1. To the nearest 20 debye, what charge dipole does segment B:523-608 have about its Cα centre, counting +1 at the Cβ of each Lys and Arg and -1 at the Cβ of each Asp and Glu?
2. Suppose the Debye formula is applied to equal point scatterers at every Cα of segment A:90-174; what is log10 I(q)/I(0) at q = 0.13, 0.15, 0.22, 0.26 Å⁻¹?
3. Under 12 Å from the Cα of B:LYS259, which aspartates and glutamates turn up, not counting those fewer than eight places away in the same chain?
4. If I model a spin label at B:HIS427 and B:ASN399 as a point 7 Å from the Cα along the Cα→Cβ vector, what separation in nanometres do I get?
5. What is the Cα coordinate range of chain B on the first, second and third principal axes, sorted by size from largest, in whole angstrom?
6. For B:150-159, what's the mean count of beta carbons from other chains sitting within 10 Å of each residue's beta carbon?
7. Going by how many other beta carbons lie within 10 Å of each one, how would you line up B:ILE469, B:ILE170, B:ILE454, fewest first?
8. For B:SER442, B:SER113, B:SER601, which order do you get if you count the other beta carbons within 10 Å of each Cβ and list the fewest first?
Amino acid sequence: MKTPAVVAIALTAGALGASASGWVVSHERSAPRDGVVSTNTGYQGPASVALGDIAGGAVPTGAIDLPNPYGDSSAAVADGKRLFTAMNCAGCHGYSGGGGMGPPLNDHYWRYGGAPAQIYKSIYEGRPKGMPAWGHALPADQLWKLTAFVSSLGGGVEPQDAVAALRGDGTGAAKEGITIPGEAARAANDE
Amino acid sequence: MKIGSTIQTKGAFLPASVAIVACALVLSSCSDKQASSPAPNASVRRDFGHGTFNPAPNSAPGDWTSQARDYANSRYSSLDQINTTNVSQLKTIWTFSDGAQYGHEGAPLVVGSTMYTVSPFPNRAYALDLTKPGAPAKWQFDPNPAPMAIGKACCDAVLRGWAIGDGKLIYNLLDAHTVAVDLKTGKEVWRTAMADVSRGVTMTMSAFVVGGKVYVGNSGGEMGVSGWISALDIHSGKQLWRAYSTGSDKDALIGPRFKPLYPQYRGKDLGLTSWPAGMAPQGTGAVWGFISYDPDLNLIYYGTSNPGPRVPAQRPGDNLWTSSVFARDADTGEAVWAYQFTPHDQWDYDGVNEMMLLDLPIGGRMRKTIVHFDRNTYAYVLDRQTGEVLKADNFAPQNWSAGFDWKTMRPKINPVKEPKVGGKVEHICPPDIGQKDWEPPSFSPRTGLIYVGIFNICMDLTDHKVSYIAGTPYDGMEMTRHSVDGKDGDWGAFLAWDPVAGKAAWRIPETFMVMSGTIVTAGDVVFYGTTDGWFKALNARNGKLLWQQKLSSGVIGQPITYLGPDGRQYVAVASGVGGAAMVQKGRPGMPARGSTLYVFSIDGAGVTAATGVAAPPTGASR
């Protein structure tokens, strides 16, 4: 069965090596798919967050600039949107990703990174402040579709910008060329 | 009624109001306003013939030992050093930041010369030494609750208060534990796991202490939890009983003593049979508001939250006992009566708002009542012995209901404002959080008025069908809120409400939601704060603004007033916006979060390094 999910897993594993981060081997899930989503503290899988993303101390590997195998396919985004509502993501993050109980997903602030691979990791592993670990309940293709939808909400970071974004560069407002008000005003005057 | 015999005197600080309160008692039967009679003009109100309350447990007038100050939930202080003539001279004497960036909804407590305050998540507790300049901390207690709880709390990682009893500071942790801390040492005495936070249960309400028992309840109305209230043994933390809000009579502690007045509440296992099969266990009815207690009847009173899921199309039926009030035996937990404010609640109105236990002249005689400002925008007056509905008046604009049906004892529904799955219904008033949320009012026996912060908002609502997935929202409401009065309209107001007439005596418009507690004093001063950060003092008789101070963040805390060890009267309130007030996020003028407790005194005078500690005032119990 060569579904996109399997392709994605193969791509991921190839890019990273299974030892770099446990999340890539999602097809080896041992937990039963019982419809109940464990939260991250109940997560029995491999080690979760690679420190390179958040602590700044580790050299980023190829992992975080891995593209979404679905790219920005509108079909994947639409499927992801349906999942986003069906799995109650909207209940925390808002129906249009504007946030609520959980953080907004449509802005340029990403605690755990806004590149596709980083979003996938967050969905798969869960996060400490209550984000469930969906790797238990959803197959990889659905996680990538959710990723495609989240990336489409307005704050997604392009895979090739993921490393620069760790330093606050190459993303969001900076990417749009409006780093500080003064610069925007100067640019306007020049025209 | 015990007020005349039990109200405490305090020597040099004895206010004239005590005498007036006593008059109110003696002459109470002279008041005879019919429910339908027009409200008296505020300017010609009499000082007697209106309501009163039992101030039990009669804590020292200079202390503030529970969130509501008394079991009745009056939030009335007999102090009057600060009064209408000098409140304009209030100035900040000291401040304290706990550093927590979630909504600050609790009231600091004062016992003797120590103030106790607890932060929102991570729920750190502090004992502040009022005998020293700047009130340095005597101790700090850090319970280290699980961070997962932050993302399971529907409406910010708040804590609505804490309690004192048996030499302990007792409060709920967001991760669904109750903890008791030794008042002297700051060391943990016990901690009881009440539920599993990973399944969406949090705890945000203030623990409530009566004698040897601690009453706590859960949050999670948006998470498909089973709502409950529990009583714990204050010495050990061991659970004595738990009563669920949905499910079988056994689970709800409904037995032979349950004598509801109205027929719709009589029958076996209504907490199951008023639901589609299998849905009651995720039906919420969480218990996250304030509890009150009548020592004469030995009953506790509290409200239950919305049903789950919030999408009504998925749960045909009345959905008992959600959006309701329970009266329960304080010792055994047995239900004595119940009343449902919003049957089959379609808008998330809940019934959790506080029950003020006031004794009011209704229909020509004094009645032991509950006054309850529901999120559904009815101000109810119930007989607290029987659950009889005595009055139901709208205190703010609403359009979901076409009036109260005195035959069925429930509001008539306006079908135009019923939500639709997959379709948007515009301009439903009030929105999910009501025209008044959990923020507690105060009552003055000197004016007979209730002082309450309210909202002036509506919502556009689209419902989405939802599935139950443990630990995720069982919600389905997609909303935007706006002012009742259009794009540039006000979002809030402050009301003085005459509970006997069932009308506002006066109303002050506010640009931002008013979601703070209020207090009123024997100095005839009312204090409240706005969510954009103004802390205000009004004349309790006419609403005239006497003083205001802009604080660093919005005010959603509950003010208190107390006597310091120097015998001086202080006023304290937390600033730190959050909670449901964040629906205003993005409005121009909406402040950032904060974490600062402010303490005020006349001219900013207080304990200083130069003067040291003054002698306690004569008659004060220190």
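1. Working: 8 positive and 4 negative charges, 67 e Å.
With Lys and Arg at +1 and Asp and Glu at -1, about 320 debye.
2. -0.38, -0.50, -1.09, -1.42
3. Here the aspartates and glutamates satisfying the reach criterion relative to B:LYS259 are B:GLU334, B:GLU388.
4. Result: 0.4 nm between the two label points.
5. 69, 55, 53
6. Mean partner shielding for this stretch: 4.
7. Starting with the residue having the fewest Cβ neighbours, the order is B:ILE469, B:ILE170, B:ILE454.
8. Going from least to most buried by this count: B:SER113, B:SER601, B:SER442.
Quick note: the coordinates plus some simple rules give every number you see, no bench work behind them. As the structure is a computational prediction, the values presented were derived from the model and not from experiment. So basically every Cβ, Gly included, is an ideal-geometry build from the backbone, and we count neighbours across all protein chains shown.
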